[in-house]
Structures are given as C-alpha cells and as structure tokens.
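Input: a single structure, listed below in structure tokens.
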There are 2 protein chains.
Amino acid sequence: MHIHTIVTKELSLDSMENCVCFNLRWVSRAFSQYFVSALNHHGLLPTQTPILAALAAKQEASMADLSDWLGMDRTTLVRNLGPLKRDGLVRATGQGRGNKGSLALTPKGHSALEKFIPDWRVAQQNIVKTLGAKRWTQILQDLERAALAVNN
Amino acid sequence: MHIHTIVTKELSLDSMENCVCFNLRWVSRAFSQYFVSALNHHGLLPTQTPILAALAAKQEASMADLSDWLGMDRTTLVRNLGPLKRDGLVRATGQGRGNKGSLALTPKGHSALEKFIPDWRVAQQNIVKTLGAKRWTQILQDLERAALAVNN
DNA sequence: CACAATAGTGTGTATATGCACTATTGGCCG
DNA sequence: CGGCCAATAGTGCATATACACACTATTGTG
C-alpha cells in the first residue's frame, strides 16, 4: 500500500495518498476480508453478526432502534436483514406505533450465534495481538471520538 | 454507538460489541459520510478520488497496477472506473500483452482533480485536527501494520 | 370523527465490494 | 506458421451502502 512507501516517521497528511478517509476504507476492507476468510464456514458475514449480537443483547428491537444502535443506515439494515430472515435466524413480530415491528432472534439464530462466538473470539484475538489490547483500545476509542466529532 | 456505552478505560475486547472488524467498518462509514457531505458538490465519491490521484501521480497505469496500488480488488476497480469513463475523466488506451490497456486522466479529469484538491485539504484538516497530526499518523501506520499482519 | 402531522417501514436507483467464471490477446514453442 | 498458454481484462452473482421517495399506521387536534 501507499502508506508503506513513506519511510519517514511523519506522514504528510496534506497529500492525497494519505487521505484519512481512503486509508480507513482500505483498512476496513482488509479486516473485513480477514473476518470473512477466518469465519466464513459459519455462513455469517461481517454485517450480519453484529445484528445477531445486538438482538441477543437487547432481546428485541425495532428497525429504528437497531439501526441507531448499530450506527448503520436504516434502509441498509432493512436489506441486511433480508438474508437473516430468509435463513430463519431473525424474525419480525407484532406491530407497534406507526408501522413499528419488533425484531428478535429465532432459536436457530441464537444457536448460530452461540456456535459463532468461540471462533470469532479466536479471530478477534489474532487481530488484537498484532498491536496489543492496550493500543487497540486506544485506537478504537480515538477513532470513535474523531468520527463523532467530525459528523456533528 | 456501542463503544460509547463503555465508561471504563479498558474495553473488553472479548465482547462482540467491541469487535475490531465491526468497529472499523463503522468508522469507515462515518468518515465516508463526512467525506461525501463535505465534498459532494464536486460529484466525486470516496472511491473515485483516489483513482484520479493515483493516475495523476503515475501518469498512466494498467488495471492490475492500479488495483494493486490502491489495494482494491481488480474487478471492483473495473466497475469503479465505469462512472469515471462515462463522465470523461479517465480514458483507456492501447493494448499490451494479454488484454492489457493503459489508463490515464483526460484533461477534464486533471481539471476536476485540481479543483477538488483544495476542498479535500480542508476536509482532511478538519479530520486531522480531531486527534492531531501526530496521533493520526500513528493510528494510520498502526492500522496498516495490523492489516498487513493479519492478512498474511 | 375527520384530517393533518408524525413516525416507522419498504422500494427504486446508483454505487461499492469481491469471488468465480469467462473472454481476449500477445508471445512462445514445436 | 499455427496453436497453446499465460497474462490481462470483463461479467454474473450476491451482498453492502445510502439517498430520495412512497406507503402505512398512530396520534393529536379541531
């Protein structure tokens, strides 16, 4: 990658090859690829497991709640739920205010998540050990802070 | 966001809500949205400007060269070039070995990039000032190192 | 009770992403 | 010289992403 071509300690962040947005997009792709290659025998993609985990933690949630919590566009969530409903991992239930429905894991969804978690933990640890837990914690917190700062 | 809900200094990286992959994907989306909202009057998306910048720096390149340099899948590049060719910013030229062609910026592409760069610099600086240049440099270098370590 | 305002959800369009597969073509070798 | 082969490029499929818009149901107000 381009960053690699810089040998000096300080990147020139004025140069487009060091565009933060582009480089974060690249990093995101790289880790997504690792995630998929390490875990694809579960048939769960990086967009799907957070949905399952969120529903397991919250018992049930509406579309709007869930998309807010996951920080993804509501309509993106609608479509990402498609394969999960199709495969019987998530079901939508009764109606509330507006057209409001509730989403919840099916038994099959719970079981898929339980089987998934141990392997996920291994993959996560493989990632964490590249920089160490302390550094990763700091990086994730800093990135979140920056992302929130910039989008408000 | 979920990370936000953790108050203690140390994140428990064993918990799926702190999945590195998921959180980096979220951060990537967040910065992409900022990028688009700050720069969309140029009509150039976050996948397109790196292509233009790369071609400006390298004069010309084949598909394979370019996808390698940008760290994106070759077939993704093929499609991302679609709108750029359609809009007359990039042109493909002669043939080499195999089906090899060369890609280069058109005058219109050069001009669009020139007009784009000053506004990009402002957006980049807005991002950089959230954590400071030193910290961002460290983070980008760490992330690249981790991404390379994990995918090999 | 009718109706406007509101909230929740779904769809059409466009781009992004990558794997598996196909197509093309220049050059080498028999 | 002609066919094979390796290198390069493009397509089909499935999913991901988000904006703009349409649709549906609830609720507040007159």
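The values are calculated or read from the model by the stated rules, or taken from the named source; none is laboratory data. Note that the coordinates shown come from a computational prediction; the quantities given were computed from them, not determined experimentally. When we count neighbours, we look across all protein chains shown, and the Cβ atoms used for this are built from the backbone with ideal geometry, even at glycine.
Residue check: is A:L103 of a type outside the set (D, E), within 19 Å of the chain's Cα centre (by Cα) and at pLDDT 95 or above?
Values: of a type outside the set (D, E): yes; within 19 Å of the chain's Cα centre (by Cα): yes; at pLDDT 95 or above: no.
The answer is no for A:L103.
Just give me the residues in the range A:118-144 being out of contact with any helix residue (DSSP H, G or I) (no Cβ under 7 Å at 6 or more places or on another chain) and not polar (S, T, N, Q), in sequence order.
Of everything in the range A:118-144, those that are out of contact with any helix residue (DSSP H, G or I) (no Cβ under 7 Å at 6 or more places or on another chain) and not polar (S, T, N, Q) turn out to be A:P118, A:R121, A:V122, A:K129, A:G132, A:A133, A:K134.
Restricting to the range B:37-53, what's the tally of residues that are farther than 15 Å from B:Q124 by Cα, within 14 Å of DNA strand D (Cβ to nearest atom) and in a helix (DSSP H, G or I)?
Residues that pass the stated criteria total 2.
Which ones in the range B:94-132 are under 16 Å from B:K58 (Cα atoms) and within 16 Å of DNA strand C (Cβ to nearest atom)?
Answer for the range B:94-132, where residues must be under 16 Å from B:K58 (Cα atoms) and within 16 Å of DNA strand C (Cβ to nearest atom): B:G101, B:S102, B:L103, B:G109, B:L113.
With the checklist (1) facing another protein chain (nearest Cβ under 7 Å); (2) modelled with pLDDT of 95 or more in hand, flag the one item B:Q138 doesn't pass.
The single condition B:Q138 does not satisfy is (1).
For the range B:111-119, indicate whether the set of residues that are part of a helix (DSSP H, G or I) and either in contact with a Lys or Arg (Cβ under 6 Å, 6 or more places away or on another chain) or within 8 Å of chain A (Cβ to nearest Cβ) (or both) is non-empty.
Yes: the range B:111-119 contains one or more residues that are part of a helix (DSSP H, G or I) and either in contact with a Lys or Arg (Cβ under 6 Å, 6 or more places away or on another chain) or within 8 Å of chain A (Cβ to nearest Cβ) (or both).
Quick one: which residue in B:V150, B:V128 is of a type outside the set (S, T, Y), more than 18 Å from the chain's Cα centre (by Cα) and at the interface with chain A (Cβ under 8 Å from one of its Cβ atoms)?
Values: B:V128 fails: more than 18 Å from the chain's Cα centre (by Cα).
Of the residues listed, the single one that is of a type outside the set (S, T, Y), more than 18 Å from the chain's Cα centre (by Cα) and at the interface with chain A (Cβ under 8 Å from one of its Cβ atoms) is B:V150.
Taking the range A:5-43 on its own, how many of its residues are in contact with a Leu (Cβ under 8 Å, 6 or more places away or on another chain) and modelled with pLDDT under 90?
Qualifying residue count for the region: 1.
Tell me the residue from B:A64, B:A38 that is within 12 Å of chain A (Cβ to nearest Cβ) and either in contact with a helix residue (DSSP H, G or I) (Cβ under 8 Å, 6 or more places away or on another chain) or not basic (K, R) (or both), please.
From the options B:A64, B:A38, the qualifying one is B:A38.
Which residue out of B:V90, B:V122 is of a type in the set (V, I, T) and within 13 Å of another protein chain (Cβ to nearest Cβ)?
Of the residues listed, the single one that is of a type in the set (V, I, T) and within 13 Å of another protein chain (Cβ to nearest Cβ) is B:V122.
Residue check: is B:Q33 free of Cβ contacts under 8 Å to residues at least 60 places away in the same chain and at positive phi?
Taking the combined requirement at face value, the residue does not satisfy it.
For residues in the range B:54-73 being of a type in the set (S, T, N, Q) and assigned to a loop (DSSP other than H, G, I, E, B), which is nearest to DNA strand D (Cβ to nearest atom)?
Per the criteria, the residue is B:S62.
Where residues in the range B:77-133 are in contact (Cβ under 8 Å) with a residue 12 or more places away in the chain and of a type in the set (S, T, N, Q), which of them is nearest to DNA strand D (Cβ to nearest atom)?
If we take residues in the range B:77-133 being in contact (Cβ under 8 Å) with a residue 12 or more places away in the chain and of a type in the set (S, T, N, Q), then B:S102 is nearest to DNA strand D (Cβ to nearest atom).
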